[in-house]
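Undergrad: Okay, here's the structure, questions in a sec.
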Ligand SMILES: CC(C)(COP(=O)(O)OP(=O)(O)OC[C@H]1O[C@@H](n2cnc3c(N)ncnc32)[C@H](O)[C@@H]1OP(=O)(O)O)[C@@H](O)C(=O)NCCC(=O)NCCS
């Protein structure tokens, strides 16, 4: 995981597909376009390393399982590997694996000063959160774990408020998945990843 501007500054200049260009162009904020591009760039670099090719050769496809549009779970074209990425207000994360995988990142800075959407939490999660000194960071830690389960296909957004992810904070699986915190290197953000590897 990294700051979007660091990825864009360091990464190779890899063109987006026409579908990706259309989606990027539809984003009205420059910062959102930067995150969109940086997440893909980071993912391309990781996939290229994993399969032993050049980032420019890596192509992604996205077809929404619900509407058929060019979004949703990403696939790597022409390689039997799985990829995931996420972006949040200036920070991006990506992961690659031989099995279905997902990563999520949340800028904590973006949550500070605002009202936290506590309705997405279970009663147990709210009780846990009440004991935490940094509520935005702790809330974000719960939220990214719920999103991981959505991205893995274990949960729908409608169901997130019914699944208690606090056991994962001490390493226990939730819905059979191990949700692993990712070091955010001093950024005011949290990130986690998971895969569907048995035993993970
Ligand atoms: C998956 C989901 C939780 C991501 O949430 P988010 O906080 O907006 O975005 P994140 O930065 O964390 O992750 C975005 C990335 O997740 C991936 N992603 C999106 N939908 C996904 C899905 N259903 N499964 C796995 N990965 C998915 C994509 O790589 C996406 O990147 P992109 O937007 O640049 O293409 C959200 O898109 C969702 O709830 N989707 C399910 C509902 C749905 O499919 N709606 C569309 C109906 S037309």
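Throughout, read-outs are computed from the coordinates displayed, never taken from laboratory work. Treat the numbers as computed from the prediction; the structure is a model and nothing was measured. Using ideal geometry, Cβ is built from the backbone for each residue, glycine included, and neighbour counts are taken over all protein chains shown.
Undergrad: As I understand it, the value is the acute angle between the Cα axis of helix 30-51 and the longest principal axis of the Cα atoms of the chain; what does it come to in degrees, rounded to 10?
TA: Tilt relative to the chain: about 70 degrees.
Undergrad: Highest mean first, what order results for 13-20, 90-97 on Cβ atoms within 10 Å? Can you show the working numbers first?
TA: Values: 13-20: 13.1, 90-97: 24.8.
Top to bottom by mean Cβ count within 10 Å: 90-97, 13-20.
Undergrad: Pairing the Cα long axis of helix 135-152 with the longest principal axis of the chain, what angle in degrees results, from 0 to 90 and rounded to the nearest 10?
TA: 60
Undergrad: Rg over Rh of the stretch 104-200, using C-alpha atoms and the Kirkwood radius, what does it come to? Please list the in-between numbers first.
TA: Numbers: Rg = 12.7 Å, Rh = 13.5 Å.
Rg/Rh for the stretch 104-200 comes to 0.94.
Undergrad: How are the C-alpha pair distances of the chain spread across 10 Å bins, as whole percents from the shortest bin up?
TA: For the chain, the pair-distance distribution reads 9, 34, 37, 17, 2.
Undergrad: Now, a different point. Can you tell me which of 64-70, 146-152, 5-11, 37-43 comes out highest on packing, and rank the rest after it, using the mean Cβ neighbours within 10 Å?
TA: Values: 64-70: 10.0, 146-152: 22.4, 5-11: 15.4, 37-43: 24.7.
Descending packing order for the listed peptides: 37-43, 146-152, 5-11, 64-70.
Undergrad: Something else now. Over the alpha-carbon set of the stretch 1-98, divide Rg by the Kirkwood Rh and report the Rg/Rh ratio to two decimals. Don't skip to the answer; put the middle values down first.
TA: Numbers: Rg = 12.6 Å, Rh = 13.5 Å.
Using Cα coordinates only, the ratio equals 0.94.
Undergrad: Express the relative contact order of the chain as a whole percentage, based on alpha carbon pairs under 8 Å and six or more residues apart in sequence.
TA: On the way: 350 pairs, mean separation 37.8, N = 200.
After rounding, I find 19 percent.
Undergrad: Would you calculate a helix-derived [θ] at 222 nm for the chain, using -39,500 (n - 2.57) for each DSSP H run of n ≥ 4 and dividing by the full residue count, to the nearest 500?
TA: On the way: 5 runs with 64 residues, N = 200.
That comes out to -10000 deg cm²/dmol.
Undergrad: Would you mind putting 180-193, 110-123 in packing order, based on average other-beta-carbon counts within 10 Å, highest first? Please report the intermediate quantities before stating the final value.
TA: Numbers: 180-193: 18.6, 110-123: 13.1.
Listed from highest to lowest mean packing, they are 180-193, 110-123.
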